[in-house]
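The values are calculated or read from the model by the stated rules, or taken from the named source; none is laboratory data. The shown structure was predicted, so the numbers you read here are calculated from the model rather than taken from an experiment. Positions of Cβ are backbone-derived with ideal geometry, glycine not excepted, and every protein chain shown enters the neighbour counts. Ligands, DNA and RNA are excluded from the accessible area calculation, which covers all protein heavy atoms including side chains. Shrake-Rupley method; radii C 1.70, N 1.55, O 1.52, S 1.80 Å.
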Amino acid sequence: DYYASRGLGDVYKRQGESVKPKKYLYVLRSILACEWIKQRNSIPPVLFRGLYEELLTPSAPIYSELENLLKIKVETKERTAGAHFPVVDKFIDDFFKESKQQFFSSKEPVNVDEYDKFFLECLRREN
């Protein structure tokens with residue numbers, strides 16, 4: 001839920017005539033983390049490159065667009081905004097159309113204590 005909520009929040013920040021590459025990357029990181037959890041039922045990698053290289057095939061249009069976004073982010077200032085990337089917009093929109101019901105339709109209350117306990121156990125295992 002965290003990654004889905006985070007991604008959805010950043011979707012609204014990319015609306016308008018121009019968008020910062022960083023905002024796209026925030027949304028894509030969240031989407032890919034959700035996909036990782038769905039597919040592998042484990043904690044996603046911290047490094048973004050490891051995450052997308054494991055989930056996306058290099059021949060997918062989103063892969064090359066993501067590489068372009070990363071290149072732009074490295075080569076330009078953080079505050080530089082540019083034109084939208086239609087392939088990336090479609091990928092994001094498709095994800096939220098397909099997943100919105102799944103992530104946000106739960107009628108059951110969430111037991112936050114369980115998540116906190118799990119998170120603390122993961123931290124202990126890493127140290």
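List of remarks:
- The combined condition, being at pLDDT below 85 and not basic (K, R), is not fulfilled by D89.
- Residue among E54, E65 that is open to solvent by 80 Å² or more (accessible area, probe 1.4 Å), in a helix (DSSP H, G or I), at pLDDT 90 or above and not small (G, A, S): E54
- Pair list, Cβ under 9 Å, 6 or more apart: region 108-126 residue closer than 23 Å to P45 by Cα and among the aromatic types (F, W, Y), other residue modelled with pLDDT under 65 and part of a loop (DSSP other than H, G, I, E, B): Y115/D1
- Residue in region 39-59 that is within 15 Å of the chain's Cα centre (by Cα), over 16 Å from K22 (Cα atoms) and of a type in the set (S, T, N, Q) present: yes
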